[in-house]
Amino acid sequence: MTIKERVFSGMQPTGTLHLGNFLGAMLQWIELQKTHECIYCVVDLHAITVWQDPKELRRSIRQVTAAYIAAGLDPARSIVFNQSQVAAHAELAWIFNCVARLGWLNRMTQFKEKAGKDRENASVGLYAYPNLMAADILAYRATHVPVGDDQKQHLELARDIAQKFNGDFRAGIEERGHADGIFFPQPEPVITGPATRVMSLRDGTKKMSKSDPSDLSRINLTDDADTIARKVQKAKTDPEPLPSEPDGLKGRAEAENLVGIYAALADQTVPAVLAQFGGAQFSAFKKALAEAAVARLAPITEESARMMQDPAAIDRILADGAARAREIATPIMDEVKDIVGFIRA
Ligand code: AQP
């Protein structure tokens, strides 16, 4: 029995999506749906690892779904749904809580960053977040996971969990006819976007993030043209003009970030951007950057705003996606339960 190629990825409804989500992950999602069976999830179970206002959470789930579709995900071709509608995620996450080792989770840098100094007060869910992410992927036996660079470590953990599960239950897995004792595949990260790590507009050493308290740090997929222009205008830079060669960006985190963003938005290489803007002041470059961002994002913003006028239609897309997701996950979970030794009706 061979494992078929399948793509899984998700985003948290913890606010509105931003340029980092779009360039780092979503562009690959859109490409992959042309060639692969794809499952794209709004990971609401992940969102509540940090407290969310229930009303806002519901709105955010719809907003993220609308952004997915407005950006180019086709819910007829790909499966689009919110995680909490498919019980397999939480069920498999519990099993993985019992497979993963404390030492593995202790190494996760995202937990350290998000929990900060107040570790004792962080939720257990935030700590176990990577196990749930492994369950998201492996409940579908997905083989490819398009993500931004920040998710690399979590993907490595998912691979370790898959391997340990296969090893711990090898006899039962082989008995069921799975070649080489492999039930779960080793999911491959796909980190190939035009900008795999987009940084904050206020601090070139921090990644652009939904949870950054400063809205000026990011370009949201809901920002209008004036807001985008204002944020780009206020983006932190240094006093030097732009260099003509990529080497000249070394040690200039903010300049490097803005040039990378422009290159990604304009479908150009960094050397080509610098050949054009080398020697220019940031004021001129920022004008071009704001125009490129508006040209790329305005159609997405407009379409998702239109979709948000009809929340019931969004909910129907999610329910349809969840039913199709369940169809794939249920037989896999039945086998997992048999392999682990549970009794089921
Ligand atoms: N700045 C970024 N550059 C490139 N890719 C990024 N991604 C997120 N930020 C950047 C990618 O987007 C996908 C979805 O991320 P997420 O919403 O699940 O959570 P996150 O990575 O934790 O993103 P945020 O914005 O930082 O959310 P909060 O603030 O709520 O934690 C992932 O593939 C991620 O790599």
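Just so you know, all these numbers are worked out from the coordinates, no wet-lab data involved. It should be emphasised that the depicted structure is a prediction, and the values quoted were computed from it without experimental measurement. Reconstructed Cβ throughout: ideal geometry from the backbone, glycine too, with neighbour counts over all protein chains shown.
Its residue count N sets the reference 2.2 N^0.38 Å, and the alpha-carbon radius of gyration of the range 229-275 equals 1.10 times that reference. Comparing mean-square fluctuations of 16, 49, 65 from a GNM of the chain with C-alpha springs under 10 Å, the top value falls on 49. Over all pairs of different C-alpha atoms, the range 215-306 has a mean inverse distance whose reciprocal, the Kirkwood radius, equals 13.5 Å. Each label point was placed 7 Å from the Cα along the Cα-to-Cβ direction; for residue 175 and residue 105 their separation is 2.9 nm.
Distance between the pseudo-spin-label points of residue 303 and residue 164 (7 Å out from Cα toward the beta carbon): 4.1 nm.
Helical content of the chain, expressed as a calculated mean residue ellipticity at 222 nm, amounts to -16000 deg cm²/dmol (DSSP H runs of 4 or more residues, -39,500 (n - 2.57) each, divided by residue number, nearest 500). Once the C-beta distance of residue 98 and residue 247 is scaled by a Förster radius of 41 Å, the resulting FRET efficiency is 0.25 to the nearest 0.05.
Sites listed here are trypsin sites (Lys or Arg not before Pro) in the range 1-96 whose DSSP assignment is loop and whose Cβ has at most 13 other Cβ atoms within 10 Å: 4, 34, 77. Restriction of the GluC sites (Glu not before Pro) in the range 1-89 to DSSP coil positions whose beta-carbon has at most 14 other beta-carbons within 10 angstrom yields 5. For chymotrypsin sites (Phe, Trp or Tyr not before Pro), the sites in the range 10-78 that DSSP calls loop and that have at most 16 other Cβ atoms within 10 Å are 51. Going out from 0 in 20 Å bins, what whole percent of all Cα-Cα distances in the chain drops into each bin? Answer for the chain: a P(r) of 29, 55, 15, 1 percent.
Its Kirkwood hydrodynamic radius, worked out from the mean inverse distance over all distinct Cα pairs, puts the range 304-345 at 12.6 Å. Packing-based ranking of 163-170, 246-253, 132-139 yields 132-139, 163-170, 246-253, ordered from highest to lowest mean Cβ neighbour count within 10 Å. Just to be sure I understand the curve: with the Debye formula and one point per C-alpha of the range 118-236, what is log10 I(q)/I(0) at q = 0.11, 0.13, 0.18 Å⁻¹? Values returned for q = 0.11, 0.13, 0.18 Å⁻¹ are -0.56, -0.71, -1.01. If R0 equals 35 Å, the separation of the Cβ atoms of residue 74 and residue 267 corresponds to a calculated FRET efficiency of about 0.95.
As a size descriptor, the averaged projected area of the C-alpha convex hull of the range 212-251 was calculated at 4.2 nm². Placing pseudo-labels 7 Å out from each Cα toward the beta carbon at residue 149 and residue 327 gives an inter-label distance of 3.9 nm.
On full extension of the chain, what length is gained from residue 214 through residue 118, given 0.36 nm per residue of separation minus the C-alpha to C-alpha distance?
Result: 32.5 nm gained on full extension.
Per residue, the convex hull around the alpha carbon atoms of the range 48-195 comes to 147 Å³. Can you tell me which of 69, 30, 328 moves the most in a GNM of the chain? Springs connect C-alpha atoms under 10 Å apart. Fluctuation is largest for 328. Listed by number, the DSSP H helices of the chain that run 20 Å or longer by alpha-carbon position along their axis and have mean Kyte hydropathy of at least -1.0 are 54-71, 124-138, 282-308, 311-340. Of 243, 75, 130, the residue with the greatest mean-square motion in the GNM of the chain, using alpha carbon springs below 10 Å, is 243.
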